[in-house]
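Heads up, the thing below is written out as C-alpha cells.
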Amino acid sequence: MTSPVSFSPGSIVVGFDGSPLGVAAVQWSARRAAARGLPLHIVHACRTDPGDGFGFVSDPGAREAAGRTLLQTATRHAHAIAPALEVSTACVRGFAAPTLVQVSHKAAMLVMGAVGHGIISRASIGPTTLQVAMNAHCPVVVIGHEGSRDVVTHGRVVVGVDGSPESLGALAEAFDRAALRGAKLQVVRAWQPRRTGIGIIRSAEPAPAADEVDEAIAAQISSHAASYPQVAVAQDVIKADPVRALHEHSQGADLVVVGRRGLGGFPGLRMGSVPVRLMGRTACPLVITPIAA
C-alpha cells in the first residue's frame, strides 16, 4: 500500500468512492469541519477491497485517473457546503480499509458511508466500513442515509451506555459532541435479562450488579457535567434490546454515539454486536468510539 499524501493532523477524514452515501459523507464532513474550524481530508483508494466487488477498470493508470476525477467531484461537493473550507485529497494505490485505518492515527474522526459501490451494496453495512470501524484509532462516523447532510438539526445527541469502559468513553465523546452542537444529551442504558447457562434466562438483572452499573454511570455523568455545564442531560434506563432502543431514540436525533464494544462478548473481541447491528440502520449518523489503548 502506498501511503496517502500528508495531511494536517486533527483533520476530519472522509473516505470517498463516488457512491451516493459517499457524497452524503463528504457533505456531512464538510459541514462539521467548517463548524469546528478543522481541515477536511478526502481519501480515495484506487484498489477495491476484497468483498467490495471487482471495480470498473483493471488498468492501474486508468484507476488512478478515475480516482482523481472522483476526488475533484468530492472537493466540489465539499466547497458547495463550505466555500472557504481547507480541503486536501489523496488518491492512494492501495485498499480502502487499511488506508483509512492508517490515517486514523492522525485524524480527529473518520467519516464513511455505510455502503459503497460493492457487490453487496444493498446490505446495511459494507465490508470496508465494517473493517474500518473495527480497527480505527479515532471515532468513526457512519452515514447511513443520503439525506444525512447535517442541515436540519434537532438539538439532541443520544449515547448508549452499559457501564463498560468503552461505553463510558462514548459518554465522554457524546458530551463533547453535544457541547459543540449546543445540543442536549440523552443517555440511554438499555438492558435485557442475561443468560446464566444454556437455556437458562434470568427474570431480571441482579440488583447489586444493576446498582453498581447505574452508580458508575451516574458518577461519570456528574463528572462530565461539571466540565460541560451548558449541556442539559436526560437519562433513560430501559428494559429492552439495546439495538432496538437506540434505533428508536435515533429518530429526531442529530447523532447516536456508542462504544466499539460493551460488557458482552469475550476478551479480545474487536467489536460488539450493538454497533454492528446499528450501522446503516440509525435514522441519523452513528459515531463509534475506539477501544481505549
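Can you check what the net charge comes to around residue 231, using other residues whose Cβ is under 10 Å from the Cβ of residue 231 (Lys, Arg +1; Asp, Glu -1)? Kindly include the intermediate steps, with their values, before the conclusion.
Values: positive: 177, 181, 184; negative: 176.
That sum, taken over residues with Cβ under 10 Å, equals +2.
By how many nm would the segment from residue 228 to residue 36 lengthen if fully extended, with 0.36 nm per residue of separation less the alpha-carbon distance?
Values: separation 192, 0.36 × 192 = 69.12 nm, distance 1.70 nm.
So the extension gain works out to 67.4 nm.
Each reported figure results from applying straightforward, stated rules to the coordinates on display, with no laboratory input. Computed from a prediction, not measured in an experiment: that's the story for all the values here. With ideal geometry, Cβ positions are generated from the backbone for all residues, glycine too; neighbour counts draw on all protein chains shown.
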